[in-house]
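Enquirer: Please read through the structure below; I'll follow up with questions.
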Amino acid sequence: MVVEPIARVYSCFGEKFGVPRQPRLADASRASIELLPPVNVADAVAGLEANSHIWVVFQFHRAAGHWSPKVRPPRLGGNRKLGVLATRSPFRPNNIGFSVVRLLEVRTSPKVELIVAGVDLVDGTPVVDIKPYIPYADAVDEAQSTFADSAPALTPVTIPEPILAQARAYRDGWGTDLASLIAQVLAQDPRPAYQKSAPGRVYGMKLCNFNLCWRYTDQGIEVVSLTEL
């Protein structure tokens, strides 16, 4: 079986660290899914704009070739192991992932691309398929997951006024609200689940061509700086 990428992701997330662990947890996140030859023709996406959400099937390219029968899901604190097929771990036999994202716009000129929101995709992710999300078939109201039955609790985030003003002034071609994005991403607590922060330690991640830095306090998370890369 040979599977070739049909598109590539250009994302607000410049690195793996800090990417939400599931889609739709940070709706302010934005990405462009740019179609590749020979699929990069307007006919291939004709009618897709009629859908509010789409499935994106992709490869965890930064984990390719690495997998284990058992993994430590972050949701379980990183201390309990489950079978890899019982988790969403990127370290899978074929390193395939799928995400439901919100479709904002279908662009066919000067290139064929989809502008999407609520992503959990790192910049450069190869896409192997795109499908419309069909509510009556894809939403299962009675579905259960005993260890992940609800979204994680949010961590309070404080953004100092000068950094907040800087973020609000940011503009890009995707309509990103950077101030909201920072708050939503950090509220998920990007640290590894098993890690406790040392006093004064500063964490950082690449976000929208900025280096975003923060630290942990008794009240939650405090943004320290937002520096353009």
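The values are calculated or read from the model by the stated rules, or taken from the named source; none is laboratory data. Model, not experiment: these values are computed from the prediction. Cβ sites come from the backbone with ideal geometry, for glycine too, and all protein chains shown count toward neighbours. To get the accessible areas, we keep the full protein, side chains included, count just its heavy atoms, and leave off ligands, DNA and RNA. Shrake-Rupley method; radii C 1.70, N 1.55, O 1.52, S 1.80 Å.
Enquirer: Would you kindly derive the ³J(HN,Hα) couplings of the stretch 152-160 from the backbone phi angles with the Karplus curve 6.51 cos²θ - 1.76 cosθ + 1.60 (θ = phi - 60°), listing them in order in whole Hz, with x for Gly and Pro?
Expert: x, 5, 8, 9, x, 10, 10, 10, x
Enquirer: Let me ask something additional. Given a cut-off of 18 Å, what percent of all Cα-Cα pairs of the stretch 144-211 lie beyond it?
Expert: The proportion of pairs with Cα distances above 18 Å equals 51 percent.
Enquirer: Sequence gap at least 6, Cα distance under 8 Å: using those rules, report the relative contact order of the stretch 115-229 to the nearest whole percent.
Expert: 23
Enquirer: What shape does the stretch 109-171 take by its C-alpha gyration tensor, where a ≥ b ≥ c are the square roots of the eigenvalues and a/c under 1.5 counts as rounded, a/b above b/c as prolate, and the rest as oblate?
Expert: oblate
Enquirer: Report the local net charge at PRO37: Lys and Arg +1, Asp and Glu -1, summed over other residues whose C-beta lies under 15 Å from its C-beta. Show your work: numbers first, answer last.
Expert: Numbers: positive: ARG8, LYS111; negative: GLU4, GLU34, ASP43, GLU113.
Local net charge: -2.
Enquirer: Could you please tell me the mean projected area of the C-alpha convex hull for the chain, averaged over all directions and given in square nanometres to one decimal?
Expert: That works out to 14.3 nm².
Enquirer: Whole-Hz Karplus ³J(HN,Hα) for the stretch 116-130, in order, using 6.51 cos²θ - 1.76 cosθ + 1.60 and θ = phi - 60°, x for Gly and Pro?
Expert: Computed from phi, the couplings for the stretch 116-130 are 10, 10, x, 8, 10, 10, 7, 4, x, 4, x, 9, 9, 6, 9 Hz.
Enquirer: While we're on this one: In the stretch 1-52, if every C-alpha pair distance is counted and binned at 10 Å from zero, what percent goes to each bin?
Expert: 19, 40, 34, 7
Enquirer: Run the simple label-point estimate for ALA139 and LYS111 please: 7 Å along Cα→C-beta, distance reported in nm.
Expert: The modelled label-to-label distance comes out at 3.3 nm.
Enquirer: Chymotrypsin sites (Phe, Trp or Tyr not before Pro) within the stretch 118-178: which are DSSP loop residues with at most 12 other Cβ atoms inside 10 Å?
Expert: Sites meeting the loop and neighbour criteria: PHE147.
Enquirer: If you don't mind, another one. Counting only residues 5 or more places away or on other chains, whose amide H sits under 5 Å from the amide H of PHE210 once H atoms are built in the peptide plane?
Expert: The list, which skips near neighbours in sequence, is LEU229.
Enquirer: When the convex hull of the Cα atoms of the stretch 1-106 is projected onto a plane and the area is averaged over all directions, what value comes out in nm²?
Expert: For the Cα atoms of the stretch 1-106, the hull's average projected area reads 8.1 nm².
Enquirer: Through the Karplus equation 6.51 cos²θ - 1.76 cosθ + 1.60, θ set to phi - 60°, convert the phi angles of the stretch 94-99 into ³J(HN,Hα) values in whole Hz; use x for Gly and Pro.
Expert: 10, 6, 9, x, 8, 9
Enquirer: Taking only C-alpha pairs under 8 Å that are 6+ residues apart, what is the relative contact order of the stretch 134-194 in percent?
Expert: Details: 23 pairs, mean separation 23.3, N = 61.
For the stretch 134-194, the relative contact order is 38 percent.
Enquirer: For THR217, tell me the accessible area in Å² from a 1.4 Å probe, rounded to the nearest 10.
Expert: Roll a 1.4 Å probe over it and THR217 shows about 50 Å².
Enquirer: Choose one of VAL84, LEU114, PRO135: the residue whose Cα lies farthest towards the positive end of the charge dipole of the stretch 17-135 (beta-carbon charges +1 Lys, Arg; -1 Asp, Glu; about the Cα centre).
Expert: Farthest along the dipole direction, towards plus: VAL84.
Enquirer: Could you tell me the relative contact order of the chain? Use alpha-carbon pairs under 8 Å, at least six residues apart, and round to a whole percent.
Expert: In percent, rounded to a whole number, it is 28.
Enquirer: Give me the distance between the Cα centres of the stretch 43-107 and the stretch 166-198, rounded to whole Å.
Expert: 20
Enquirer: With each run of n ≥ 4 DSSP H residues scored as -39500 (n - 2.57), what mean residue ellipticity at 222 nm is computed for the chain after dividing by its residue count and rounding to the nearest 500 deg cm²/dmol?
Expert: Result for the chain, helices only: -2500 deg cm²/dmol.
Enquirer: For the chain, modelled as a GNM with alpha-carbon contacts under 10 angstrom, which of GLY97, GLY175, GLY65 fluctuates the most?
Expert: GLY65
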